[in-house]
Amino acid sequence: MTELYATIIFLFVLFVLLGSSVWIGLALMGVAWVGMELFTTRPAGDAMITTIWTGASSWTLTALPLFIWMGEILYRTRLSQDMFRGLAPWMRPLPGGLLHTNIAGCTLFAAVSGSSAATLTTVGKMSIPELRARGYPEYMIIGTLAGAATLGLMIPPSLTLIVYGVSINESITKLFMAGIIPGLVLAGLFMAYIVAWHLLRPSERPAREASIPFAEMLSESRFLIPVLLLVLAVIGSIYAGLATATEAAAVGVIGALTLAAAQGSLTWATFSASLMGATRTSAMIALILMGAAFLSLSMGFTGLPRALAAWIDEMGLSPITLIAALTVFYIILGMFLDGISSVVLTMAIVEPMVRQAGIDMIWFGIFVVVVVEMAQVTPPIGFNLFVLQGMTRHEIGYISKVSLPMVGLMLLMVVILVAVPDLATWLPENLRQAPG
Amino acid sequence: MGDWQPVMGLPLWAWIFVAPTALAALLWATRPRTLLRPVWRILDAVYTGAGVLAAFFMMVILGLIVAQMVARWSGVTFPGSTAFAGYAMAATSFFALAHALTHGAHIRVSILLNANAFTRRWLNAAAMLVAAITATYFARFAIKTNFISEMLNDRTQETDKVPEWLLTAVTMLGTWPWEWGDLWARSGSEWVFTPVWLPQLPMSVGTVLLAVALWDYLVRLLVDDRRIEAESVE
């Protein structure tokens, strides 16, 4: 019985610390300490540093700061204008018109950046004013952008997948490959939504724009060449087995610097701003990972993960029921926590459960990314909502209302993933092994 | 916590907790703001300095990985490159902790925090107190582990080596000048397997800075009502 009380105290402290706005990394550390004191006689402090040191100095983690840095550099270039100019001619003839630039732009930028917020700001700062000027309805502009920007988490490079891979010790290369097809399918769903809007609400369509000659379309596309080369260098080198995820990140940073230099936007000011910004973001994630590493250790002593896994086993819960329950759980968690925090916070408990149920961990990573993508746009705490509020001055309530259809599409994506697991697992299984 | 070492005649906890509190109480009685402002300026410079150091190590990661790739393509071996990149990773993370804190980059669940003016001040103060205590605990054991690594002469598990003169140069910082001659006399010119204490130094420094920054900003909140604003996304 005391075991039960101790577990209740442990979870209570977790909620109190997180809820009372202690920084997440430190809150996890505090909870972990409580867990160690309650459940074991091992010296908590020494065990904590050993775990944290091993995690913080791990080679796999080095992909994280480099991919963040790459995104920061690109964010400070003229890439968003160039992407809009290059993409717009191709989107114009589609039903739904230039709204598709939101989706295509986010997909393209997601392939060079690992964060949803960076994808959102880079694409949004160009597409919002352009689409407004052309008379597209506001709710479609904001909604599709908020939804599509979450692709930044799924399409490699993805910070969430790096963090997931590091916390459960799976190959980041495989996870990256697994994210490609589901990411494109999700982008396809968003585009289908725009097409459906176009067909169902003809009264809201803006005036059709004059089509431009094919030659001009091609010449405008030259603006896309640098970013496409970068995508090819980063994802291509991983796919072809030429580089590990970390090496691809290094290639990406150098590519981004070259691109910025070629554009003339690489000044000392932008270089140092990108470097310091990346340093801060990577320290932020590192602190959460440190707290999570200690929490996983402490969680192991509580026996909670084992008990839950055994319980799931006894219940004879089918994998589908388990996934459904976890979807609900992550959506609720995602209302209050950001994606990376919810991944690291839950992995210690969820991993044994999921392995017990015989679910593929690579597939599960993609599933987790889809559900935490929803967290980015669900109120009251959704990172994309805050970013869009800052950019458009709309209320959070309005933004979350207009992005609700996207949440529905992401739920549909979960169903598709369950129905066709090969979407996530086919590519990594047929991948050439990277050296090193 | 039986292993608090006495420092200069007093237990370490007295230096870490009691002395700052007594100092703060003393300052409170006088005019805190005017007295503290120069201290704040110096501390901010220190946090930024550590941030710049962290940024330097980020570039080191990039350099190491590029060197590793070039070495592989040209058939040269670069022993221990992954271990070095890992050390640089730790240095980046730890040195930047305080800098990220003061720039509002660390994330928190702010739903209750932004409820009203009362929570904005007092819940914030309570959260910072909890965070500061946790960070102090973190720093205390980081230092202890660092010392123990040095005492046990713990070496790397991988193939990375560093020159002995580098170790001696870093050791100089922790010894008195009159011991330096002896130190260099004992130092060889060999390459030795990296002792773990060396890459662990940034952990000690960074966690101490994080703890200092949290106590510092707690005082700033109480004295000057100055808050850490979350980093705005342009």
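The values are calculated or read from the model by the stated rules, or taken from the named source; none is laboratory data. These figures come from a predicted structure and were not determined experimentally. Note that each Cβ is placed from the backbone with ideal geometry, even for glycine, and that neighbours are counted across all protein chains shown.
Key figures for this structure:
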{"quantity": "Some residue of segment A:21-31 being outside any helix (DSSP H, G or I), under 30 Å from B:Ala88 (Cα atoms), of a type in the set (S, T, N, Q) and within 14 Å of chain B (Cβ to nearest Cβ)", "calculated": "no"}
{"quantity": "Flag if A:Gly71 is facing chain B (nearest Cβ under 7 Å) and not in a loop (DSSP other than H, G, I, E, B)", "calculated": "no"}
{"quantity": "Options A:Leu4, A:Leu61: the member that is out of contact with any Cys (no Cβ under 9 Å at 6 or more places or on another chain), among the hydrophobic types (A, V, I, L, M, F, W, C) and modelled with pLDDT under 85", "calculated": "A:Leu4"}
{"quantity": "Criterion: of a type outside the set (Asp, Glu), crowded, with 18+ Cβ neighbours inside 10 Å, at pLDDT 90 or above and in contact with a Phe, Trp or Tyr (Cβ under 7 Å, 6 or more places away or on another chain) - qualifying residue of A:Ala27, A:Ala32", "calculated": "A:Ala32"}
{"quantity": "Positions within segment A:112-140 being part of a loop (DSSP other than H, G, I, E, B), surrounded by fewer than 24 Cβ atoms within 10 Å (Cβ to Cβ) and small (Gly, Ala, Ser), in sequence order", "calculated": "A:Gly135"}
{"quantity": "Condition check for A:Gly291: at pLDDT below 95 and more than 10 Å from chain B (Cβ to nearest Cβ)", "calculated": "no"}
{"quantity": "Residues (crowded, with 19+ Cβ neighbours inside 10 Å, among the hydrophobic types (A, V, I, L, M, F, W, C) and under 19 Å from the mean Cα position of the chain (by Cα)) located in segment A:334-349", "calculated": "A:Leu337, A:Ile340, A:Val343, A:Val344, A:Leu345, A:Met347"}
{"quantity": "Residues being more than 7 Å from chain A (Cβ to nearest Cβ) and either part of a helix (DSSP H, G or I) or on the phi < 0 side of the Ramachandran plot (or both) - total across segment B:95-123", "calculated": "13"}
{"quantity": "Filter result for the condition that a residue is closer than 25 Å to B:Ala54 by Cβ, part of a strand (DSSP E or B) and aliphatic (A, V, I, L, M), over B:Val208, B:Val162", "calculated": "B:Val162"}
{"quantity": "Residue list for segment A:373-398, restricted to those being aliphatic (A, V, I, L, M), within 14 Å of chain B (Cβ to nearest Cβ) and either in contact (Cβ under 8 Å) with a residue 60 or more places away in the chain or in contact with a Cys (Cβ under 6 Å, 6 or more places away or on another chain) (or both)", "calculated": "A:Leu385, A:Val387, A:Leu388, A:Met391"}
{"quantity": "Which listed residue is within 14 Å of chain B (Cβ to nearest Cβ) and modelled with pLDDT under 90, from A:Ile238, A:Ile285", "calculated": "A:Ile238"}
{"quantity": "B:Ala91 being more than 7 Å from every other protein chain (Cβ to nearest Cβ), modelled with pLDDT of 95 or more, farther than 17 Å from B:Glu229 by Cα and part of a helix (DSSP H, G or I)", "calculated": "yes"}
{"quantity": "Neighbours by Cβ (under 8 Å, 6+ apart or cross-chain): first from segment B:53-73, more than 9 Å from chain A (Cβ to nearest Cβ); second assigned to a helix (DSSP H, G or I)", "calculated": "B:Leu53/B:Ala91; B:Leu53/B:Phe95; B:Val60/B:Ala88; B:Val60/B:Ala91; B:Ala67/B:Ser81; B:Ala71/B:Ser81"}
